[in-house]
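Written below as structure tokens is the structure these notes are about.
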Amino acid sequence: MAPPVFRFRSRIQDEFRLEGERVYLRHPVFGDHAEWSRLRAASRGFLEPWEPRWPEDDLTRTAFRYRIRRYDADREAGLALPLFIFQKSTGRLVGGVTLGAIRRGAAECCSLGYWMGEPHAGKGVMTDALKCLIPHVFDRMRLHRIEAACIPDNQRSQRLLEKAGFRREGYLSGYLKINGAWRDHLLYALIAEDWQSMRAKGSGSGG
């Protein structure tokens, strides 16, 4: 029996693109590997304290190939929306954001995760990305709630979420295994009604 043949689209799938002031978001594709691996490698020391432990082959083409397959499958199943963030002025990859654990029915909820390359951190880039992503979640995807969790000593992430309108709701003990250790997290959330109120007042992450 012949081995399966993997085919990867060279064009951006469905022409999906979210526009921010300084960035745009689109689906990851296999052609992003070289730029993604360079940025992640250069930012490894910056990112590792806040992420699950990286597999030994994490930055390889083979691992990235399966990452893209998983991204595509999760998106097509309606379980997640993984996106890469690009700088408008240069077209360079600067980070990523994922809406995961999408739940429909009574919940209409998702979980927000994100990462930013070290050279681009602290410059308001992720804030711009969330400003164009949050309206898509509530207006287009019609979800009711976005959850996000961050480690208590990650003050940069807390400031980002609070600036985007998220409210701190609780403390999660031993919530996720981060860099090889189970870590407590702060739970934040943003619901549609609060975001709509902020947008009406001109302070939300609206268009």
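Note on ASN154 and GLU169: their simple-model spin labels are 1.7 nm apart, each label 7 Å out from Cα toward Cβ.
Helix 33-42 and the longest principal axis of the C-alpha atoms of the chain enclose an angle of approximately 60°. Rounded to the nearest 20, the Cβ-based charge dipole of the chain about its Cα centre (Lys and Arg +1, Asp and Glu -1) stands at 360 debye.
Here the gap between GLU76 and LEU187, fully extended at 0.36 nm per residue and compared with their Cα-Cα distance, gives a gain of 37.2 nm.
Entry note, the chain: relative contact order of 18 percent, from Cα contacts under 8 Å with a spacing of 6+ residues.
In plain terms, the chain from ASP58 to ALA200 could stretch by 46.8 nm, reckoned as 0.36 nm per residue minus the Cα-Cα distance. Taking the longest Cα principal axis of the chain as reference, the axis of helix 125-135 is set at about 70 degrees. For Kirkwood radius over Cα pairs in Å, the value computed from the atomic coordinates appears in the list (i) 17.2; (ii) 18.8; (iii) 17.9 under label (iii). Of all DSSP bridge pairs formed entirely within the chain, close to 90 percent run antiparallel. Roughly how tilted is helix 61-76, in degrees to the nearest 10 and between 0 and 90, from the longest Cα axis of the chain? Orientation of helix 61-76: about 50 degrees from the principal axis.
Quick note: the coordinates plus some simple rules give every number you see, no bench work behind them. Just so it is clear, the model here is predicted, and its values are computed rather than measured. Every residue, glycine as well, gets a Cβ built from its backbone with ideal geometry; the counts of neighbours run over all protein chains shown.
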